[in-house]
Amino acid sequence: MSTQTAESFDERATRFDPAGGAPPSGSQGDSRDRPLSWRNLARTAATGYLPLLLATLVVVAPLGWMVLSSLKAPGEIITTSLSVLPHSPTLDNYAQAATTVPFARFFLNSVVVTVIGSTIKCVLAVLTAYALVFVNFPFKKAIFLAILVALMVPPQVSVLPNYIFIAGLDGLNTYWGIILPGLGTAFGTFLLRQHFLTLPASILEAAEIDGAGHFRRLWQVVVPISGPSIATVALVTIVGEWNDYIWPLIVTDRPEMMTLPVGLTLLANSDSTSQAWGVLMAGAVIVIIPILVVFAALQRFIVAGLTQGSVTG
Amino acid sequence: MVKGSPRPKAANKRWTPRARRDAWVFLALALPNLVLIAFFTYRPLFVNMYYSTLDWTLGSMDATVVGLGNYIEFFTSGDAPAVLGATAIFTAATVGGSMVLGLLVAVALNQKVPGRTIARSAVFAPYVLSGVGVGMVWLFIFDPVYGALAWMLRGVGLASPQWINNPNLALAMVIIVYVWKNLGYCAVVYLAGLQSMPRDVLEAAALDGAGALRRFWFISFPLLSPTTFFLLITTLLSSLQAFDIIKIMAPTGNGTGTLIFESYLQAFGAYNRAGYSAAISVVLFVLLLVMTGLQLRFVERKVHYA
């Protein structure tokens, strides 16, 4: 901000100078004393707007293409003479996607798994983080270290043993089978612990002197003043659960228990729609748009949560 | 990293009634989560090592112990060069690509032009979207006949390559999409680094006559080294785990059989070779472990902390 303001001050000073004023310094002066000159505008456009516009376009164009294609009739897609906008927008692709595979059921399953999974994960994260910060226990350092290391272990490596375990308990094609193995939360615990450490100790001491036990201190003091951090953990968890793929893919093979990403794979593999891009784009829209809407509304929390660590080190 | 907890410790009066009660409270609060992490994150690492010594078809009741047989097969058959090669290319290209492009976008976003917050959100958005959905959209764009890319190439008189059938192009395709999805993450993290940069140093250099390029290369970039280091580690770890995009765009693993994807294909694809799949998982895990270790030992010391 500071450079910008300084520059516009310069410009005004030069312009108000009745004598026309000599440019302050040779080379830079030319462009400075006439801020709206073509050269200046072109330079701003080329270095300022153009890269931004390009970057935005590269991101937005494929998603826009997805939405537009999902509204096109098959004849407009299976053609080599492409038009950007659909001639007569239709929801036929959505209808066909829903009749080929049970998309409404996929949606319901995704909602159930996401809501139950993220609720439990958030509660577990709050409880564990509170215990790690505010309750005395001999091996806290070692336990926290174990949680940090768990952050590094890719869930994909654990897929086969967990599959054998869940299958052994008849958990294939069940909600609990989809949800249970992912419930332990190292990420949420880590993030909330770092936040709890920054809470002023005096508040908790005051509550303790007033006779509040751990549970009252947790629910009536710590949780209410940690709203944004808990929201961050909740949103990142929701995004993760909704998009989760490898585990639901392995643990479900009956369509009525599949989540949306798995169902989209099923749609892609079914014979009648294997190359029907309009139908597949309709499916992609249903998977992508809910998270896009959540992101658009609450991105401040999501970006903060996902880029955590870059600041805390 | 935050230095140890500031709370007082009950070091020598550890088992007073109060300490005992605290210990119970701690266990009541933390145990469910810790048990879940231990059981579903740590236990599988050891179980995998055991499975990796078996010749075992998924779903069958009997398995024979083959010791290191699966590892010997992996490293002596053609699998190791192909899988490790694909993993190395995919990882290097996606880490390099998303970091370099992310830095460029961050520099563009760091200018005071209207609309940059919208651009920042837009660039970050793909990072939170479903890899399956995104992969599907790009598969359509890459379609050699009806895809938007083929249409653009025809516009300049070129024929679209067969992205899916050619193993090298399939790998290139998933790399492009992965970079597209992840560069916004790098951009936003780099942007945070750029914005916390000390202004006085840059202004001093500008007064001394250093141009924008020189200022960036000799001042900003070195000052960003903690950010670069952080991104290198996080993107490396996530690239090695990339699954969704590869699975949806190149389901046969033709040219795209990275460690994680090959491990999936061996167990849950056509072969049902659980033991062999576990061995590949162990190789991946050891690789992750070695890289995390190297990072802690060497790289961190060379980083400039502003």
Members of the range B:51-87 found to be among the β-branched types (Val, Ile, Thr) and closer than 27 Å to residue B:246 by Cβ, listed by number: B:57, B:72, B:76, B:83, B:87
Hey, residue A:93 away from chain B (no Cβ under 14 Å), surrounded by 19 or more Cβ atoms within 10 Å (Cβ to Cβ), assigned to a helix (DSSP H, G or I) and among the polar types (S, T, N, Q) or not: no
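Specify which of the listed residues (B:147, B:193, B:209, B:155) is over 17 Å from the mean Cα position of the chain (by Cα) and on the phi > 0 side of the Ramachandran plot.
Numbers: B:147 fails: on the phi > 0 side of the Ramachandran plot; B:193 fails: on the phi > 0 side of the Ramachandran plot; B:155 fails: on the phi > 0 side of the Ramachandran plot.
Unique residue meeting the criteria: B:209.
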Residues satisfying the stated conditions in the range B:59-95, i.e. part of a helix (DSSP H, G or I) and within 23 Å of residue A:165 (Cα to Cα): B:70
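Taking the stated definitions as given, is residue A:165 of a type in the set (Phe, Trp, Tyr) and within 9 Å of chain B (Cβ to nearest Cβ)?
Values: of a type in the set (Phe, Trp, Tyr): yes; within 9 Å of chain B (Cβ to nearest Cβ): yes.
In short, yes.
Just name the residue that is nearest to residue A:146 (Cα to Cα) out of those in the range A:159-217 that are of a type in the set (Val, Ile, Thr) and over 32 Å from the mean Cα position of the chain (by Cα).
A:203
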Index of the failed condition, residue A:275 passing every other in (1) modelled with pLDDT under 85; (2) surrounded by fewer than 17 Cβ atoms within 10 Å (Cβ to Cβ); (3) assigned to a helix (DSSP H, G or I): (3)
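Among A:132, A:127, A:183, which is the only one that is under 29 Å from residue A:225 (Cα atoms), surrounded by 22 or more Cβ atoms within 10 Å (Cβ to Cβ) and facing another protein chain (nearest Cβ under 8 Å)?
Numbers: A:127 fails: surrounded by 22 or more Cβ atoms within 10 Å (Cβ to Cβ); A:183 fails: surrounded by 22 or more Cβ atoms within 10 Å (Cβ to Cβ).
The conditions single out A:132.
Yes/no per residue for (1) within 12 Å of chain A (Cβ to nearest Cβ); (2) outside any helix (DSSP H, G or I):
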| position | (1), (2) |
| --- | --- |
| B:222 | no, no |
| B:235 | yes, no |
| B:247 | yes, no |
| B:251 | yes, yes |
| B:262 | yes, no |
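How about the range A:208-252: which of its residues are in a loop (DSSP other than H, G, I, E, B) and hydrophobic (A, V, I, L, M, F, W, C)? Spell out the reasoning first.
Within the range A:208-252, the first condition is being in a loop (DSSP other than H, G, I, E, B), and the residues that meet it are A:210-213, A:223, A:244-245, A:252.
Result: A:212, A:223.
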Qualifying residue in the range A:253-264 (condition: in a loop (DSSP other than H, G, I, E, B), surrounded by 22 or more Cβ atoms within 10 Å (Cβ to Cβ), of a type in the set (D, E, K, R) and at pLDDT 90 or above): no
From the options A:309, A:283, A:305, residue that is crowded, with 24+ Cβ neighbours inside 10 Å and either modelled with pLDDT of 80 or more or farther than 18 Å from residue B:251 by Cβ (or both): A:283
For residue B:62: the one exception among (1) crowded, with 17+ Cβ neighbours inside 10 Å; (2) more than 9 Å from chain A (Cβ to nearest Cβ); (3) over 29 Å from residue B:255 (Cα atoms): (1)
Enumeration of residues in the range B:96-151 that are crowded, with 22+ Cβ neighbours inside 10 Å, of a type in the set (Gly, Ala, Ser) and more than 7 Å from chain A (Cβ to nearest Cβ): B:98, B:102, B:106, B:135
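The values are calculated or read from the model by the stated rules, or taken from the named source; none is laboratory data. Every value quoted in this text rests on a predicted model; they were computed, and no experiment measured them. Note: ideal-geometry Cβ built from the backbone for every residue, glycine included; neighbour counts use all protein chains shown.
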